Structures are given as structure tokens and as C-alpha cells.
Amino acid sequence: MTKIRPETDVSPQEAVFQTRIDAEEKIEPKDWMPDKYRKNLIRQISQHAHSEVIGMQPEGNWITRAPTLHRKCVLLAKVQDEGGHGLYLYSAAETLGASREEMVEALHAGRAKYASIFNYPSLTWADMGAIGWLVDGAAIVNQVSLQRTSYGPYARGMVRICKEESFHQRQGYHIMMTLAQGSAEQKAMAQDSLNRFWWPSLMMFGPHDSESAHSAQSMKWKIKRQSNDELRQKFVDQTVKQAEVIGLTIPDADLSWNEERGHYDFGEIDWEEFHRVINGDGLCNRQRLAHHVKAHEEGAWVRDAITAYEAKKRQRDAQAAA
Amino acid sequence: MSAHMKLFEVFIRSRRGLDHKHVGSLHAEDPAQALEYARDVYTRRSEGVSIWVVNSSAIVSSQETDCESFYDPLDDKPYRHATHYQLPDEVNNM
Amino acid sequence: MSAMTTQEATRQYAIRLGDDALILGHRLSEWCSNAPFLEEDLALTNVALDFIGRARMFYSYAAELSGDGRSEDSFAYQRDCREFTNLLMHELPRGDFAFTMARQYLIDEYSLAFMEQMLSSTDPTLAAIAAKAVKESRYHLRRSRDWVLRLGDGTEESHQRMQTAINELWGYNAELFEMDTLEADLAGQGIAVDTTALRQPWSAAVQATLAEATLAVPETDWSVRGGRQGLHTESLGHLLSELQFIQRAYPGLEW
């Protein structure tokens, strides 16, 4: 667990910086910022960007198999949006001096992480529903909170992303609703998918606050605005009703409304599974990374070609001008 | 990517009559390609009627350290602001 | 042709054009998350979406003309290989990025000219679809032509790959400009596009682009045809088994 640095260590510059953050002013790219703030942000934003991009895969897995032309277009547009969101985020991280190439390299080398939820496989069409409804739903809860993050470009990227994501969650829920109202087989498919994605979705918010390595400093710097457990609770509270409405059952025997707290109580996450999947034992860890590496490597000659073409063009233009 | 392609800043006019607004950046090899990608990346929901792309390296920006000399001198001229002048209520929407 | 009403012929024509658009859109959609860089991933997906959208318009029109409760999805999901009538070039596996872009360029050059002609179809629905498609195709062509130039005149490797792609595609060109009696008859009535007339301007445009891209016009003497008669390469069956998997495994349900 990272300790918040005692106030006495703080330089005058850092004091100004913290005052600005305490006053809810945004930090902008050219501002002075503590090196750790910069590094922490690059780590978080690039991890977020990688998650969007790796997150294209489980849904991309069904683009060619979508059951109707309408669903196919929706899914394609949605996965494309994830790519776009990755791009917005890389773009925000680049304002901090990290190049996209460095970030991609860190991902390939295993130095940078992505959300572990994407190490789970998408096995049936219902998973397109569950991912949109639950995974995007959980992501939105987190991202809505991040719209108030202290770093300007990150906050603005989040505003843009949140605006686009609401369609993602709604289309996912719509898939689940359609299946839940369909044949017995379809309903079973939807329930099975909810069973598989429920707990991993709760894990998306990360370890308990008491266990979270980066949380305290991130909260002080307002990179994070709400704690893991607060956000997780918010997600559970809003999702229980949504499951009820379409007649699906959340796979948690301990789930019950707590009148006193005004929140749902829910069971304990299997943290062993959480760590197992993060550390490489998920069904798709190696495939997700290999897929990304392959696309990147197969694209190398294309990237080389456009650079070469551009150089030739510049040379021709220069000769024409001479 | 930086080794291969340049960084461009993207500005979009969302409606006629409004200013172009900075929306983010992207990588492209030349301005024409940057403009096409800006269309694909930043206007998927018809967010724009006009796009500017600018090579990021072409942007000259004020520095944090300039702040004092740049902006502070402008702080002491409240008479430039409409609220500086107290007028009678009857005409205060002037 | 005497036995076939104009309405039935138009219906079949709409299905053909829908098949072209769907199968190419499907191939393009396979690139999603596989493109050489992120910006291009988004751009390719936009083109895929345009073609699938175009397929939906043609199929919806065919469904309307069928008048028997069929929908756009009936055509996409409930026909087998022999009933698909797309021109063969659209169905070829996506290959590498050079192959995808070479194919796209040849088709965009064709498609833009085709849709410009269809703007004046006497069939108002076809003309309306063309009005939308023309705008899309202008953008597609600008993109794919640029890629042919960049890859053709880029590095030695990209040049080689682009030349190989053009060579492999060349024998599928002829079919684009051939018309059977159904199309000839409809063209005579001002409904369908006379594609034989597109050949010359298409060749001129393509040759100019290849020359600018330092690519050779292939001197191949082979040409393959059969798409409009439901004769396909073997790759189409695999494409359909993926495309239609859910509808085949769980028939008759809402999704």
C-alpha cells in the first residue's frame, strides 16, 4: 500500500499543485505536476486504453456470427466505439509525454495491464448481452465518476466516452431482454451468461478499499474520485432491479436489500479467482495478448509503407519546387 | 506509433455558427490522412460540420512559468468587465 | 425472360446487389480489431458498416417486392451457397491488408460508377438507395485509392504485396461488367445499370491509378465467373456457415 507523503516533504511547487487540486481546478498538460502524479496517471490511463482495445476482442468474436443484420451493425458499431475510446485515452496519455508506441510495447511486454474481465471468453450470443449490460454497465459507473478526475484531458475523454457508452449498455440489456422473453433455450442462454459474467463484473472495481495499492494517493490527487467499494455498491444497487425486470436471477444467495444501509448486501467475491485470472490462468489471457501482438506485427509493413511513401512524396515535392 | 506517424490535434465545429473546438488527437502520416481519420474517429455520430487538423508540433503554447507575466497583468483591469459598473436597477440589463 | 414479371426481375436484381454488399461488408468486418493501427481499424469498420447498411436497404426492398412476409434477414440468413448471387470478387477471403485494399479499390471504382448510373434508375427505390450509396462510395474510393498509392509506391515489400494482390484479383474483373438476360432486360427498361458501359471508364481509371502507384497492369489471361448464377469459390460456404450459425442452430426465433 502506497503511503500518502507527509505534508512536511512537500515542495512549494507541490503545495501549489495540491491547492489547485483541492480547489477542484483541473490540471492541464503543461502544468507543473509531481512526477509520481504523472506516472500514476500514465499507468491508469494507458491501462484504461488497453482495456478498451483488448475489450474489442470478446465482442469482435461475434461480429461475423451476429444473428440478425441489425444486431450485426449494432455490434460492429459498438466494437468500433471501443477502439475509438482506446484512441481517445491513448491521446489523453500522450499529453503526459508517453507515446502510443511505448504504451503498446509495455502492453506486449506484460508491463502494462488491461482489465482482467476480458480474459473471460465469449461463448454464446447471450454473452454479447451480458458484456454490454454488465461489463459496460460496470465500466460506466467507474467512468461517470472519472468525469471529475483531476487531469483535464482524461476528464474530457471520459465525458466523451460516457456519452457514447450509454448506447452500449442499453443495447446489451436489450439483447438480454429479448433472450429472456424468448424460448426456454434462449432464456437459459441468457441466465447462463449472467451467471458467468456477474462475479467477474463485480471484480472489475478492483480489490477492497483496504487492499487497494494505489487508492489512497489517487484519491488525494483526485485521479480517482470514489473508492472501489463505493463504486461496486453503486453498480450492484442499480443492476439488481434491471435483472428482476427481465426475470433473470443474479447468482448470489447472499444478495438482499438492507433497509438500514439503503443498499443491497451481497456475497463475497472469490478473490482467489480474481488473482488467478489476473495472473494468467484465465481462459483467454494468452490469446488476448497474442491477438493484439499479431495484428500489430502484421501491420508493421503497412506502417513502414506509409512512412516510406510520405518520404518519397516530400522528396518529389521538394524537387518540383527547386 | 510515434516512430511511424505524426501526432495531429483535431478540432471540430459541431454546428454552423460555433467555434471549432479541440476534441483530441490521432496519428496519421500526412494532413490529408489525418483529416480522413478525424472523420472516422471523432465524428461517428455526426458530431461535426467542419474539421481542422493541426500537426501537434506546430502548436505554440504558453508555458506555466509564463503565467505571471502573461496573465496577471490582465487581472488588474476590472474596468474591462461589464460588472464593474453599478447602474440603477431600472437599466441594469444594459 | 418472358415468363418473369418486371417486379420479380427487380426483386432478384435487388437481392444480387444486396448479396454483393453483404458479402463484402462481412469480409471487411473481419478486420475489426485486426487492422495495422487503431485509426485504420475505425476507418475500415465504417466502410464495413456502410456496405452492410447498403445490403439491408437492398434486401428490405427485395422483401417488400416478395410480399410474402420475408424480411431482410430471410435473405441473409436463410439461403444456402447456391442461392447467393454476389459477384465473386466480393467473397474472396480478406487476405493481407494489401489484398483487402486492392479489392476495395477495384470495387469502389466500380461501385461509384455503378451507383452514379443507378441514380437515374426509373425505379425510385433503387434510385434512392443509390443516392445514399454514391456519397459513401466517394469517400470509400478516396481512401482505397490512397492506400493503393501508398502501398504500391511505399516500400519494396508493400509494393510486392500490392502487386500480388492486384494479380490475384485481376481475373475476377471480367464478371463485373457482364450482364445476363435478367439484367439486360431490366437495363432496357431503365431500371438496372448497364454495366457493360462501365468497363471502359473503369479500366481507364484503374490503369491510371496503378501507373501512379508504380504497379503493373497484370497480363493475365484467366478470368473466373459464376457468382450471379450461384456458382462460387469454396470460401463462400465457410463465410455463410459463420454468418448463419445462430439462425441455423436455433431456427425461427427472435434475437
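Here are the numbers for the structure shown:
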| quantity | calculated |
| --- | --- |
| Listed residues A:Ser116, A:Gly206, A:Ala155: farthest to the positive end of the dipole of region A:12-282 (Cβ charges) | A:Ala155 |
| In nm, spacing of pseudo-spin labels at B:Glu90 and C:Arg248 (7 Å Cα→C-beta vector) | 8.6 nm |
| Proportion of all alpha-carbon pairs of region A:12-282 beyond 25 Å (%) | 47 percent |
| Cleavage-rule hits (trypsin sites (Lys or Arg not before Pro)) in region C:92-167: DSSP loop, at most 13 neighbouring Cβ within 10 angstrom | none |
| A:Gln319/C:Ser203 FRET efficiency (R0 30 Å; Cβ-Cβ; nearest 0.05) | 0.45 |
| C:Glu157-C:Arg79 pseudo-label distance in nm [points 7 Å out on the Cα-to-Cβ vector] | 4.1 nm |
| Over chain B: helical MRE at 222 nm, DSSP H runs n ≥ 4 each giving -39500 (n - 2.57), nearest 500 | -5000 deg cm²/dmol |
| Sites A:Lys163 and B:Ala58 - FRET efficiency at Förster radius 30 Å, r taken between beta-carbons, to 0.05 | 0.55 |
| 222 nm mean residue ellipticity, helices alone, for chain C (DSSP H n ≥ 4; -39,500 (n - 2.57); rounded to 500) | -21000 deg cm²/dmol |
| Loop-resident sites, region A:127-200, for trypsin sites (Lys or Arg not before Pro), counting at most 15 other Cβ within 10 Å (DSSP) | A:Arg148 |
| Average beta carbon contacts from partner chains per residue of A:24-32, 10 Å cutoff | 2 |
| GNM flexibility winner over chain C from C:Leu17, C:Leu243, C:Leu106 (Cα, springs under 10 Å) | C:Leu243 |
| Rounded Å value of the spacing that divides the Cα centres of region A:231-251 and region A:76-107 | 31 Å |
| FRET efficiency, A:Asp209 to C:Met179 (Cβ-Cβ, R0 60 Å, nearest 0.05) | 0.30 |
| Region A:255-308-region C:200-254 distance, computed between alpha-carbon centres (Å) | 36 Å |
| Measure of compaction for the protein assembly as shown (Cα Rg per 2.2 N^0.38 Å) | 1.07 |
| Cα-based equivalent ellipsoid, region C:92-175: semi-axes from gyration tensor eigenvalues, Å | 29, 13, 9 |
| Percent breakdown of C-alpha pair distances by 10 Å bin, ordered from the shortest bin, for region A:19-145 | 12, 38, 30, 15, 5, 0 |
| Approximate spin-label separation A:His70-C:Ala131, in nm, with each point projected 7 Å along Cα-to-Cβ | 2.4 nm |
| D (Stokes-Einstein, µm²/s), Kirkwood Cα radius, chain C, 1.306 mPa s at 10 °C | 85 µm²/s |
| Choice from B:Ala28, B:Ala58, B:Ala38 showing the highest fluctuation, given a GNM over chain B with Cα pairs closer than 10 Å | B:Ala58 |
| Rounded Å value of the spacing that divides the Cα centres of region C:127-149 and region C:76-98 | 20 Å |
| Label-reachable residues, region A:207-232, where backbone N falls under 17 Å from a point 7 Å from A:Asp22's Cα toward its Cβ | A:217-223 |
| Gaussian network model of chain A, springs between alpha carbon atoms under 10 Å - residue of A:Ala23, A:Ala130, A:Ala93 with greatest fluctuation | A:Ala23 |
| Over chain A: helical MRE at 222 nm, DSSP H runs n ≥ 4 each giving -39500 (n - 2.57), nearest 500 | -20500 deg cm²/dmol |
| Shape box of region B:6-84 [Cα atoms, principal axes, largest first, Å] | 46, 29, 14 |
| Around A:Cys284: net Lys/Arg minus Asp/Glu count, Cβ-Cβ under 15 Å | +2 |
| Cleavage-rule hits, trypsin sites (Lys or Arg not before Pro), region A:6-76, DSSP coil, Cβ neighbours within 10 Å at most 16 | A:Lys30 |
| Over 24 Å between alpha carbons, listed pairs A:Lys39/A:Lys163; A:Lys30/B:Lys6; A:Lys36/A:Lys224; A:Lys163/A:Lys220; A:Lys113/B:Lys6; A:Lys26/A:Lys113 | A:Lys39/A:Lys163; A:Lys163/A:Lys220; A:Lys113/B:Lys6; A:Lys26/A:Lys113 |
| Amide N proximity, region C:23-57 versus A:His108 label position 7 Å along Cα-to-Cβ, cut-off under 17 Å | C:33-41 |
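None of the figures in this text is laboratory data; all of them are computed from the coordinates on show. On a predicted model such as this, the values are computed, not experimentally measured, just so you know. Cβ: placed from backbone, ideal geometry, glycine included. Neighbour counts: every protein chain shown.
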